[in-house]
Amino acid sequence: RCAGKKVGVVSLPLPDELAGVGRISLHPLQSFSNAEAVHRAAGLQVVRGWAVFEHLDLPVSAAFVAERYWWNAFPDGKWVDFTPRPSDHPELLLAEAAGDASKQRMKLGARELAIATSLFQQRFPSEAPRDAESSPPPPEVEKPGAPVLDEPSNGMAVIRQLARRVRAGEGAAIRELEERVKGSEESAMVAADMGIAPALVKKLGEATYRQDALNLVLVLTDAGVSQKKIDVANGMIQSGAVPPLAQILAEGDNSTQELAAACLGNLCHESPANQDKVARADIFKSLVDLLDKETGAAQEAAYAIWNLTVGHTENSERIVKLGAVPKLAELLKSSSDVAQENAAGALMHVTTSADARSALVETDALKRLVDLLSGEYEAEVNTQSAGALLNLASDCHEYAQRIVSLGAVEPLTLLVKEGQDLAKEYAAGALMNLMRTEPEVAGRAAKAGAIPALASLLHRNSTSGHSEALGALANLASGSTERQVAIYKAQVTRKSVSLLESPDVDVRRSAAALIMNLAPQGKIKERIVEAGALRPLAKLLQDEDIAVQERSAGALANLFNDHSANVHAGFEQAPDLIPSLIAVTDSEKATDEARRQATHALAMLAAEDAPCDAVWSAGAMSPLLKLLKDHVAEAALAIMNLSWRWPDVKQELAKAGTLEHLSAMVRNGDIMSKEYAAGALMNMTAGSSEIAERCAGVVAPLTEMLGSESLQASEWAAGALANIVRVSAEPQAEASKHGAARKLAALLPRVTHNGKSLLVLALTSLTEHEGQAVREALSGPQEKAKLREFREGSDEELHDYMAMLVGKLGDGFSL
């Protein structure tokens, strides 16, 4: 099926139209290269689509054939086709593609050559070569002054012979060679390997052959870029091509400036070393000035800027200071898809600087970039626009807000689903960045179908795009049980676990982040462990990248949180797990978040018998105390779980200053720090009157915590008070002074099953010297009803605690 957006019958070009494209060579059956050559020579936009033919050997309108075909359009929109046609084809039915009509480069093989030969013989019988077996070869005629071709019937031999003539300084051979190799990258690479660069560079300085030399340099470097042969660009630069190209760029006419810009763009393509060499020719101002010229020159200047600035901050800053940003933004509005693509590609890289972003605010480029995501534009334009939005949304809340408000979420999601491979990657990255700064984007993206689209990106054979897809899925999973389940159902768990061992650091970061954000969901964390995540996560704690360490520690903390089986699995499967976690908590290079997450994982390990002993034996105390001093809540949680197991551990912690740090946290910490510190004090003071006496100074803040919004904080504060106030009358009086009895009574209707014993024990301890205050607090019918419920329940230990409380309250109190 060939989706078209415009159809027209196109006649042969008129004489004045032919004159307007200059002296370019046009070849039958080469509509792609013909349209591009016309575009370079005359600036006419390339239109991509199909030529539609009818099967004349079948009934009328029964069957048609669509042949991929390119042509050109004048500024007023009129179509024109310069590709030579058979004499019986004065008109062609052309259909412009609605979506992607790009071509894929491929090596010309025997099968394709046979098809091309057959088509040529059918459509141009008078020009087709005679069959080699039935017709004798034409006689060889030696022209005066011209070298004899060694193998006239061999195309590559002709190319080599022409290259030798170019190398010898024969200017007329340059155009012949360019016409021979144009459209065939294999032929161009053969010519490039013949050592013709020095001769071509010399001809760039001669007015007579400058245009021809530029055309050939462009063809050769185009082939080098396409074939990823950096030797072509290196050879040109070593031969001294940059200075004459820079001079042409500054002083030439529109046509030669356009070619020079295109050549310079090719020379520094994907080569940091060549970026620096080209930059030293001081071409920046000339390129920025060229952005103001007609479309052909402007789009090639944008192409050169794009390649000069990829990953090069210094070059980007120089371009921005010369005023390139508003000009590139204006070029986005061009009707030329090449101009749109090159402008978006350049903006993708120059706008990583703050100055560029400030300049962009004054333009409407964001809106235009979002518009260019539409399927109405060429696939390459969609791709680079998504790339520009990816970088603009990176860690910039203001730009992310604007991009979202302009409606980018849905078209970006559609590109992840249906775009070209690179478009899928850029769109996934853009969504990842938008969701990082604008959380509501996750809901919109999920509604638009982002989750299955991103999951499919993970399952491609290619490794490209994995980092972006994982990162986007990680942000989708953050804080939403519904989306976590949807991502799990998209079957990404095992793939994500396998990518923890990727050699690509960005993939490791994103895989760990996704697992971290999926792990809070109870059932999913079990599946993650079953998929084998614990060993690679433990190994990643030693990764050289601190972000990988942080996210791996976070993943382990979430997998272990409230899950005893996962804790034991980690302890058994990864012998280096505990030492690695302790190393992160004690590392100066690790981020604060990494230390916090590693400490949380250690706290969960310390909640189980055998892992608890291992955590203590591995030397966790010293780094935990450092973190405790900094009021890191998870350190208090770890102390809480370590201190419950052995009296000796409590004493050693107490001697090391733990009580003072915990007391400071109870007084001055944030809500979570206070909660975990109260829990740690509860376990530290249990069964130790000596330690309890040392904690008398925190009775008042612990009493205040009984009214905390966090029920667990209130219950743990009650547990700590139960241990501390029982040691003497003074702490009981202090607690009573701050309303402890009343606050404990107020907790009765809210208390959890585990908190009931803590509450009753606190009331009992307070009754020793403050019995009247407790009796008054428990005298109401609701309080007595709740206490009867405790007494009559199935918890025998609670029965005993209730009997002790009622006994302490005396004969004057009855339930």
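The values are calculated or read from the model by the stated rules, or taken from the named source; none is laboratory data. Treat the numbers as computed from the prediction; the structure is a model and nothing was measured. Glycine also receives a Cβ, built like all others from the backbone with ideal geometry; neighbour counts cover every protein chain displayed. Just the protein is used for accessible areas: all its heavy atoms, side chains included, with ligands, DNA and RNA removed. Shrake-Rupley method; radii C 1.70, N 1.55, O 1.52, S 1.80 Å.
Observations
- Computed over the stretch 184-295, the convex hull of the alpha-carbon atoms projects to a mean area of 6.5 nm².
- R0 of 51 Å, Cβ-Cβ distance Asp276-Asn754: FRET efficiency to nearest 0.05: 0.20
- Tail weight of P(r) past 23 Å, computed on alpha-carbon pairs of the stretch 721-810, percent: 14 percent
- Point-to-point label distance, His89-Glu54, nm (Cα→Cβ direction, 7 Å offset): 1.7 nm
- Cβ-derived FRET efficiency at R0 45 Å, Ala116 paired with Asp609, nearest 0.05: 0.05
- Partners for Lys743 among aspartates and glutamates (Cα-Cα distance below 13 Å; same-chain residues under 8 apart left out): Glu704, Glu709, Glu715, Glu776, Glu783
- Square roots of five times the Cα gyration tensor eigenvalues for the stretch 404-530, Å: 21, 17, 12
- Distance from the stretch 160-235 to the stretch 449-463 (C-alpha centre basis), Å: 42 Å
- Accessible-area value, His631, 1.4 Å probe, nucleic acids and ligands omitted, Å²: 60 Å²
- Over the chain, the hull volume per residue, using the convex hull of the C-alpha atoms, is 219 Å³.
- Derived scalar couplings ³J(HN,Hα) [the stretch 320-329; Karplus, 6.51 cos²θ - 1.76 cosθ + 1.60; whole Hz; x for Gly, Pro]: 5, 4, 8, x, 6, 4, x, 6, 5, 4
- Relative to the Cα centre, the charge distribution of the stretch 187-266, modelled as +1 at Lys and Arg Cβ and -1 at Asp and Glu Cβ, gives a dipole magnitude of about 180 debye.
- Per residue, the chain exposes 45 Å² of accessible surface when a 1.4 Å probe is rolled over the protein heavy atoms with every protein chain present.
- Point-charge dipole on Cβ atoms (K/R +1, D/E -1) for the chain, about Cα centre, debye to 20: 500 debye
- Cα-derived Rg to Rh of the stretch 230-361, Kirkwood definition: 0.94
- Placed amide H near Gln45: partners under 5 Å, 5+ positions off or other chain: Ala73
- Remark on Lys6: its backbone amide H falls under 5 Å from those of Glu96, a criterion applied only to residues 5 or more positions apart or on other chains, H modelled at 1.01 Å from N.
- When only alpha carbons are used to place a centre, the stretch 525-543 and the stretch 329-381 end up 41 Å from one another.
- When the C-alpha to C-alpha distance is required to be over 25 Å, the pairs from Lys228/Lys424; Lys525/Lys674; Lys5/Lys333; Lys629/Lys650; Lys495/Lys523 that qualify are Lys525/Lys674.
- Taken over the Cα atoms of the stretch 665-815, the convex hull encloses 94 Å³ per residue.
- With the charge dipole of the chain set up from +1 on Lys and Arg Cβ and -1 on Asp and Glu Cβ about the Cα centre, the Cα lying farthest toward the positive end among the listed residues Gly679, Ile115, Ala590 is that of Gly679.
- Here is the tail figure for the stretch 364-447: Cα pairs spaced more than 15 Å apart come to 46 percent of all pairs.
- Accessible carbon and sulfur surface of the chain relative to its total accessible area, %, 1.4 Å: 49 percent
- Overall dimensions of the stretch 497-552 by Cα: Rg and Dmax, Å: 10.4, 31
- Building the convex hull from the alpha-carbon atoms of the stretch 595-691 and averaging its projection over directions returns 5.3 nm².
- Residue by residue, the stretch 788-799 carries 3J(HN,Hα) couplings of 4, 4, 4, 5, 9, x, 8, 7, 5, 4, 5, 4 Hz when phi is fed to the Karplus relation 6.51 cos²θ - 1.76 cosθ + 1.60 (θ = phi - 60°); x denotes Gly or Pro.
- Tensor-based shape of the stretch 341-493 (alpha-carbon gyration tensor, a/c under 1.5 rounded, otherwise prolate or oblate): prolate
- Here the spin labels are modelled as points 7 Å beyond Cα on the Cα-Cβ line, and at Ser11 and Arg742 they lie 10.0 nm apart.
- Two numbers describe the Cα atoms of the stretch 1-100: Rg and Dmax, which are 13.8, 43 Å.
- FRET efficiency for His568 and Asp193, using Cβ-Cβ distance with R0 set to 56 Å, rounded to 0.05: 0.30
- Theoretical ellipticity at 222 nm over the chain - DSSP helices of four or more residues, -39500 (n - 2.57) apiece, nearest 500: -19500 deg cm²/dmol
- Whole-angstrom gap from the stretch 571-641 to the stretch 48-83, using each part's C-alpha centre: 70 Å
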